Amino acid sequence: MLAIGRKKKSKNEELFFLELLDFYKQYLGDTANIVKKLSELQEKYPDQYQDFIEFQKDPSSILEIAKDIDSDVGAILFVLFARIAVISSKMMHIYDLDTDQQIRLAKDLKEFIGEIDSSIEKLKKKKEENK
């Protein structure tokens, strides 16, 4: 048990708290960047942002959004948003995961970032082809 409130703490507890503080510093900094980006998206694309909010409330609404855009783009977005929904549910319970599950989630997140990068490149290429 952690020695919270006790005067004598072990060296491991002190190191744990220092690393935990570093974790939260990074987490809060990253979250601040995300919140800033969301506010920029909301300001620049208010209608699309509202669609995004509706999707957050009801993921099945992506089907409606996807119908209104190019089929290739819609397919890519549908797959990405489906993966985001799965990963988000795991992220909501990150502290409940055991070490192996957290490592697997970190690996899945990195792989997913690669998929997003690849999808962005495909969409840019498609946009250039349609010019």
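Derivation of every value follows stated rules applied to the coordinates shown; laboratory data play no part. Model, not experiment: these values are computed from the prediction. Neighbour counts are summed over all protein chains in view; Cβ atoms, including those assigned to glycine, are modelled from backbone coordinates with ideal geometry.
Results, tabulated for the structure shown:
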read-out	value
Candidates GLY74, GLY114, GLY29, ranked by Gaussian network fluctuation over the chain, Cα under 10 Å, top entry	GLY29
Three semi-axes of the equivalent ellipsoid, the chain, Cα gyration tensor, whole Å, largest first	39, 17, 15
Global geometry of region 62-129, whether rounded, prolate or oblate, following the gyration tensor of its Cα atoms and the 1.5 cut on a/c	oblate
On Cα atoms only, tilt of 11-44 relative to the major axis of the chain in degrees	20
Zone residues, region 26-40, relative to TYR49, backbone N less than 18 Å from point 7 Å out along Cα-to-Cβ	31-40
Angle between the chain longest axis and helix 71-91 axis [Cα atoms, degrees, rounded to 10]	20
Relative contact order [Cα under 8 Å, 6+ residues apart], the chain, whole percent	11
Expected 222 nm ellipticity per residue - DSSP helices of 4 or more, -39500 (n - 2.57), all of the chain, to 500	-27500 deg cm²/dmol
Gaussian network model of the chain, springs between alpha carbon atoms under 10 Å - residue of LEU41, LEU109, LEU21 with greatest fluctuation	LEU21
Cross-link table LYS57/LYS90; LYS44/LYS124; LYS57/LYS110, entries beyond 21 Å C-alpha to C-alpha	LYS57/LYS110
Exposure proxy order (Cβ contacts within 10 Å, fewest to most) of PHE112, PHE55, PHE23	PHE23, PHE112, PHE55
Length gained when the stretch ASP96-ILE113 is fully extended (0.36 nm per residue, less Cα-Cα span)	3.8 nm
For the chain, with +1 on Lys and Arg beta carbons and -1 on Asp and Glu, the positive-most of GLN42, SER10, SER88 along the dipole	SER10
For LEU97, residues with placed amide H under 5 Å, excluding near neighbours	none
